[in-house]
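The values are calculated or read from the model by the stated rules, or taken from the named source; none is laboratory data. Every value quoted in this text rests on a predicted model; they were computed, and no experiment measured them. Backbone-built Cβ (ideal geometry, glycine too); neighbour counts: all protein chains shown.
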Amino acid sequence: MNNILAVSSVVMREMYRRKDFYVLLILTVLITLILGSVNLFNDSNIVRYLKEICLLLIWISSLVIAITTSARQIPAERESRTIFPLLAKPVSRTEVLLGKFLGCWLASGIALVCFYLFFGIISAARESGWPLGSYLQAVTLHWFMLAIVIAIALLGSLVFAAPSSNNTICFIVIAGILLIGRHLHKVAVGMEQPSRGILTLLYFLLPQLGWFDVRERITHNWPPLDVGPFFLALAYALVTASVFLFAASWVFNRKRLQ
Amino acid sequence: MATVINISDLRVEYPSRELGSKTKVAVDGLSLDVQQGQIFGFLGPNGAGKTTTMNVLLGFVEPTAGNATIFGVSVTDKSARQRLGYLPELTYYYKFLTPEELLRFYGKLFRIPKAVLEKRIDEILAMVELQDARKRQIKTFSKGMQQRAGLAQALINDPDLLILDEPTSGLDPIGRMKVRQIIQRLKNEGKTILFSSHELGEVETICDRVCIIHQGTLREMGTVQDLVARHQCNLEQVFLRVVGYEGAVPSRPGGVTV
């Protein structure tokens with residue numbers, strides 16, 4: 001654990017010394033504040049639109065931070081050749097990988113807290129209540145969803161040679177899962193075999209990232225999820241991330257470093 | 001004297017990129033050992049198999065056949081790296097870290113107690129003359145300063161064995177002199193050093209024993225004085241003769257042209 005924590009501390013230090021996070025936070029703040037300052041269509045429910053847009057920006061920003069941070073970790077180590085002095089220390093490749101994962105996940109978690117704090121302040125300013133339970137649940141689910149995304153991006157960084165191609169592929173895959181993946185089984189019902197079987201199988205194979213999206217509940221002030229489904233989703237995230245990390249470790253341990 | 005490095009009948013094959021050939025032999029039947037307190041020069045032209053052999057010693061590459069041990073421990077065991085320091089050729093360390101943070105990170109991987117580590121950082125930064133730059137990010141460093149930061153990271157665990165891959169490559173004369181002085185100081189402290197370099201004058205000055213490998217096989221091994229006496233020419237000429245550039249070497253006294 002000592003080695004994993006040491007590697008993760010470097011990843012976190014990198015994140016707060018780079019400007020990506022600050023730029024995304026400032027952009028989200030600016031866009032939300034500008035939208036909040038105009039009273040479109042004299043709609044009294046404008047605060048819901050504002051919350052919806054702010055949450056969408058938070059989701060996009062968090063995915064950008066998580067994917068770009070994790071996708072560059074190992075390729076950057078190889079490109080700058082720091083992987084050699086690092087692995088010449090008494091540390092295994094699996095520990096390096098887990099350290100990278102933990103660092104990216106914790107860094108994304110800190111970024112999420114900042115984003116959701118801003119969101120909380122904005123919605124509290126426009127609405128009288130502050131449903132802390134719902135917000136905490138949303139942040140937690142969002143953070144655990146990012147664990148799966150980070151594990152996928154780390155695996156991708158070991159499979160695809162260039163970080164840029166890995167970034168693009170990860171964004172497409174994650175966006176595809178979030179937008180289409182959750183509806184695949186419904187689409188499959190109206191299809192003939194074998195397409196129906198293939199699509200259904202794909203639905204069950206793809207990580208169910210949609211389970212972690214509780215934006216609607218926040219926007220419409222619905223009550224939080226029950227404890228059972230909430231913890232089931234968290235456990236699902238840990239298991240899925242572990243599967244991708246196991247695959248990444250397998251690839252990394254067989255990768256020739258030259 | 002105790003044997004620090006033992007390489008026995010080592011063979012390393014890589015998948016070949018050439019059409020019609022499945023494998024490329026990078027190292028073939030290499031056997032050598034390095035004794036405690038020696039500075040061992042590891043020489044050979046580019047592509048001779050020096051870096052591959054070092055990569056085996058560092059556990060980056062698994063040998064196809066044969067074995068290698070460091071302090072009697074198989075190089076595949078990560079504990080073999082506990083008493084080892086490694087300076088790779090042309091590495092750009094984490095540019096967002098300061099040398100102090102870099103050393104603290106690597107020190108944690110060796111589980112050095114905090115108080116001991118802080119003292120060690122002060123000593124090493126003084127040794128490599130980076131104490132004035134200890135709070136500056138590495139991205140602001142010159143090439144010579146980066147190389148000295150690299151040497152500092154190789155020394156953080158007070159290693160008994162140092163593997164230096166072309167430590168003076170790309171440095172200006174002052175940078176070379178500083179690195180050479182540090183190596184000389186380490187030699188005086190009784191460290192064992194495996195040293196790869198194309199600067200044969202430097203090797204002649206520093207090394208106790210040298211070996212010359214060419215096309216993956218050991219061609220010559222002995223003390224610098226032995227080789228010079230046997231071939232009756234300087235080390236550079238010995239090297240050229242061994243790797244097949246006989247025409248570039250002046251004739252031996254006695255009129256025999258080689």
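When B:V128, B:V116 are checked against the criterion of being closer than 28 Å to B:V4 by Cα and out of contact with any Leu (no Cβ under 9 Å at 6 or more places or on another chain), a single residue qualifies: B:V116.
Within segment A:114-121, can one find any residue that is touching a Lys or Arg at 6+ places or on another chain (Cβ under 9 Å) and closer than 16 Å to A:W59 by Cβ? Yes, segment A:114-121 contains a residue that is touching a Lys or Arg at 6+ places or on another chain (Cβ under 9 Å) and closer than 16 Å to A:W59 by Cβ. Every listed requirement among (1) more than 8 Å from chain A (Cβ to nearest Cβ); (2) part of a loop (DSSP other than H, G, I, E, B); (3) among the hydrophobic types (A, V, I, L, M, F, W, C) is met by B:L32 save one, (2). Among the candidates A:P207, A:P194, the residue that is of a type outside the set (D, E) and modelled with pLDDT under 85 is uniquely A:P194.
Within segment A:244-258, restricting attention to residues that are in a helix (DSSP H, G or I) and touching a helix residue (DSSP H, G or I) at 6+ places or on another chain (Cβ under 8 Å), the residue that is surrounded by the most Cβ atoms within 10 Å (Cβ to Cβ) is A:A248. Scoring B:T23 on the criteria (1) touching a Leu at 6+ places or on another chain (Cβ under 6 Å); (2) surrounded by fewer than 16 Cβ atoms within 10 Å (Cβ to Cβ) leaves a single failure, condition (1).
Within segment B:35-61, take every residue that is assigned to a helix (DSSP H, G or I) and of a type outside the set (S, T, N, Q) and give me the one that is nearest to B:D160 (Cα to Cα). Let's see the steps before the verdict.
Let us first name the residues in segment B:35-61 that are assigned to a helix (DSSP H, G or I), namely B:50-57.
Then drop every residue that is not of a type outside the set (S, T, N, Q), which leaves B:50, B:54, B:56-57.
Values: B:K50: 21, B:M54: 16, B:V56: 18, B:L57: 15 Å.
Here the answer is B:L57.
Close contacts from segment A:1-28, counting a first residue that is closer than 17 Å to B:L97 by Cα and modelled with pLDDT of 80 or more and a second that is of a type in the set (F, W, Y) and in a helix (DSSP H, G or I), with Cβ to Cβ under 7 Å and a gap of 6+ residues or different chains, come to A:A6/B:F105; A:V10/B:F105; A:M15/A:F21. Selection of helices (runs of 4 or more DSSP H) fully inside segment A:64-172 by the criterion of at least 1 residues being more than 14 Å from chain B (Cβ to nearest Cβ) and of a type in the set (S, T, Y) returns A:93-126, A:132-159. When A:T240 is tested against (1) surrounded by 12 or more Cβ atoms within 10 Å (Cβ to Cβ); (2) under 22 Å from A:Y116 (Cα atoms); (3) among the β-branched types (V, I, T), just one condition goes unmet, and that condition is (2). Quick check on segment A:172-195. Is at least one of its residues of a type in the set (D, E) and under 24 Å from A:L136 (Cβ atoms)? No, segment A:172-195 contains no residue that is of a type in the set (D, E) and under 24 Å from A:L136 (Cβ atoms). Screening the candidates B:G59, B:G37 for the property of being crowded, with 16+ Cβ neighbours inside 10 Å, of a type outside the set (V, I, T), within 13 Å of chain A (Cβ to nearest Cβ) and touching a Ser or Thr at 6+ places or on another chain (Cβ under 7 Å) yields one hit, B:G59. Can you find, within segment A:1-15, the residue that is surrounded by the fewest Cβ atoms within 10 Å (Cβ to Cβ) among those that are out of contact with any Phe, Trp or Tyr (no Cβ under 8 Å at 6 or more places or on another chain) and either more than 27 Å from A:S249 (Cβ to Cβ) or at the interface with chain B (Cβ under 7 Å from one of its Cβ atoms) (or both)? Here the residue is A:N2. Condition check: surrounded by 14 or more Cβ atoms within 10 Å (Cβ to Cβ), of a type in the set (D, E) and closer than 27 Å to B:R241 by Cα. Does B:D28 satisfy that? When the stated conditions are applied, B:D28 passes them. Counting only residues that are outside any helix (DSSP H, G or I) and either under 16 Å from B:D165 (Cα atoms) or in contact with an Asp or Glu (Cβ under 9 Å, 6 or more places away or on another chain) (or both), segment B:219-238 holds 2 of them.
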